[in-house]
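Step one of this worksheet: look at the structure below.
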Amino acid sequence: RDYPSSVFFILGNEFCERFSFYGMKALLTVYLVTEHHLIHRTAVLLYHLFSCIAYLSPLLGSIAADSYFGRYKVILYVSIFYVCGHGLLSFGALPWLEYQYRSLFDFSGLLVIALSTGGIKPCVSAFAVDQFRDDQSRLKEQFFSFFYFAINAGALLAILITPILKTRISCFGSPTCFPLAFGIPGILMLLALIIFAAGSRSYKKLPPNGSNVARQLFSCGVTAMRKKWRGEKTLRDGDWISLASPEHDQSTIQSLRSFLAVSVVFAPIVLFWALFDQKGSTWILLARKLNFQMGGINVIPEQINFLNPLLILILVPIFEGIVYPLARKVVKVTPLRKMATGGILTAISFIMCGIIQLAADRDQPPLLRPDQVIVHQFANDSTGVPEGIFHLNELTEKWKVEGINFTKGNGVVMSNNDGSLSACNFENKKTPDGATLIFVSAISNVTILSNHGFNIRRNFEDCESVLIPSTVTEVMIEWSNESHRLTKSIDTGIGSVQAINVQANDLQAETLVRRNELSIAWMFPQYFVITMGEVMLSVTGLEFAYSQSTPSIKSLMQAAWLLTVFMGNVLDAFISGSGWFASSAAHEFFLYAGLMLVVMIFFIISSINYKSQNEPLAKEEHIEGGNEFQMK
């Protein structure tokens, strides 16, 4: 009853905004690959560049709020642009638009969304704190538990729902519906804006304070370094920051000393985000190479990231209430030790990911050079050409294959129908979204039946294909004429390409591209491990940084924390987006794991000599800043 009524508007706003952001971001990598037809590395590059902007722009938002407009106006006005960004992206997803217009709308929308989400990010939690009186510290603590839950609940529901809208609904002549999948998050962002504006009369709106702590610390550091270069002596060896006196007061000097000392925390944090943020890019691309049919459930690969917010909600109280208290009975549990353990766990999750990638790659079709063709033929069919990979001239010169148009770099399935050689060309790659592609020779009266309501009966042209949705696990092929009726059951699987043909009153089937055998459930353990790493490294790191900071630089520490996410995504864009450092996705995962382990070795060594800044964090100060970033 003592709660300020205004904070409930902020809670509703945060839930809807997080839904809109994570719902859109859950589909981004797949959208770039399937709709813009980008190669995986380019899609990964753009995904992480988007994240870079989203986590660099909070600096602009905090400056605008603190120095010019105040938090209320920044949240309100930037949210309007946020809605417009979603509108641009949804409109650009319309499949009937020409590609250049789609690109213009899509990438303009992504830029606006990235700038907008970053613009309001540093303002919302601080604006919520403004609504409480100084004597309501316990209510603040309780509120941020709700705030933290709203963030994770919004992310969890968005990651589960938006892939369903994309995959299970067809629109505008396309088998998928990205306009709807992007449009719903846009509507949620519009709702977030309406909820926030509805509470306008109840808000406590503090004017901008005009402070610029970063400029003061920078000036202090420049003064100290200039004196050090001139050879001035300090009272204590290594304490060069004290040279900034008397130009700067002791409070500013101590703040700079505290900030630089705490920066030791940020080295592993940068690399942690480089690994952690690949859940939405390289991990999704890996999930699409797996078998996502689990029993009677057909999981959509983009949904797998729901495990992270779900596990966060479960593991944070377990670690705080059970794991850490039990560990304290055996060893001394310090923030730096927790962070070191979290970093090692994060590296282990990428080793697990690399192993799964190696296994998944075995189900992928062989990579062909532009002058090669892979040849298949139906069982018991004599075409005079063996199965395998051939150069084009080898087929025409050695095997005397004539009258067939071969597609360079792809495949062909050949058949001998009563002495007449025929062939169907096919793309030597997996089908989109786990569907099964079935090529049918020129056969009349063919019926394709399934127990999922997918039924087709028609006369097929030669080499005509039909796409079977991933929700269909088995189909029954029926063929009949005046004297015969043939049936054949085909286990469609995920991502396979098949061909069927009638030869000598026998309905034949040939697998051209094998299905994905490895279950997506094998990725669950690595999500559990990396989420434990997040709890121990990310959450603890933020709390530690705040506890070791002077009160005057806690806002600056927020900005520095967000910059670690930015720099982590820069690393991703440079390493994964370029492809210069590893020959395969699996090797790249092992590379990231190795980098994380090396950084953690240096972190452990440096933390041994770390001296506490003896600036314990007041409980309410911790509440004001810490919880906002436990779920980005």
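Quick notes on this structure:
- Taken about its Cα centre, segment 1-95 carries a charge dipole of roughly 40 debye when the Cβ of each Lys and Arg holds +1 and the Cβ of each Asp and Glu holds -1.
- Residue-wise HN-Hα couplings along segment 464-470, as the Karplus relation 6.51 cos²θ - 1.76 cosθ + 1.60 with θ = phi - 60° gives them from phi, are 6, 10, 9, 9, 9, x, 5 Hz; Gly and Pro carry x.
- Cross-link pairs Lys289/Lys429; Lys25/Lys73; Lys408/Lys429; Lys73/Lys204 - those with Cα-Cα distance over 18 Å: Lys25/Lys73
- Less than 5 angstrom separates the built amide H of Asn417 from those of Ser422, all sequence-distant by 5 or more or on a different chain.
- For segment 524-533, backbone phi angles converted through the Karplus equation (6.51, -1.76, 1.60; θ = phi - 60°) give residue-by-residue couplings of 4, x, 5, 5, 4, 5, 6, 6, 4, x Hz, Gly and Pro being listed as x.
- Ranked by the mean number of other Cβ atoms within 10 Å per residue, highest first, peptides 27-37, 111-121 order as 111-121, 27-37.
- Volume of the convex hull of segment 96-147 (Cα atoms only), normalised per residue: 88 Å³.
- Projecting the Cα atoms of Trp479, Ser583, Asn569 onto the dipole axis of segment 453-586, where Lys and Arg carry +1 and Asp and Glu carry -1 at the beta carbon, places Asn569 farthest toward the positive end.
- Size of charge dipole - segment 372-513 - debye, nearest 20, with Cβ of Lys, Arg +1 and Asp, Glu -1, no other charges: 220 debye
- Dipole check for segment 207-297: with +1 at the C-beta of Lys and Arg, -1 at the C-beta of Asp and Glu, and the Cα centre as origin, the magnitude is about 260 Debye.
- Loop trypsin sites (Lys or Arg not before Pro), segment 192-284 (other Cβ atoms within 10 Å of the site Cβ: 10 or fewer; DSSP): Arg230, Lys233, Arg236
- For segment 281-435, the residue among Ala287, Ile322, Phe426 whose Cα projects farthest onto the positive side of the dipole built from Cβ charges is Ile322.
- Other-chain or far-sequence residues with amide H under 5 Å of Ser584's (modelled H): none
- The calculated FRET efficiency for Ser67 paired with His484, based on their beta-carbon distance and R0 = 60 Å, is about 0.15.
- Zero-based 20 Å bins, Cα pair distances in the chain, whole percents: 17, 44, 26, 11, 2, 0
- Taking each residue as 0.36 nm, the span from Val333 to Leu313 lengthens on full extension beyond its C-alpha to C-alpha distance by 5.0 nm.
- Farthest toward positive dipole pole in the chain [+1 Lys/Arg, -1 Asp/Glu at C-beta], among Ile404, Leu11, Gln508: Leu11
- Phi-derived couplings, Karplus 6.51 cos²θ - 1.76 cosθ + 1.60 at θ = phi - 60°, listed residue by residue for segment 88-93: 4, 5, 5, 5, x, 7 Hz, with x used for Gly and Pro.
Read the figures in this text as sums done on the coordinates, not as results from a lab. Just so it is clear, the model here is predicted, and its values are computed rather than measured. Neighbour counts run over all protein chains shown; Cβ positions are idealised from the backbone, glycine included.
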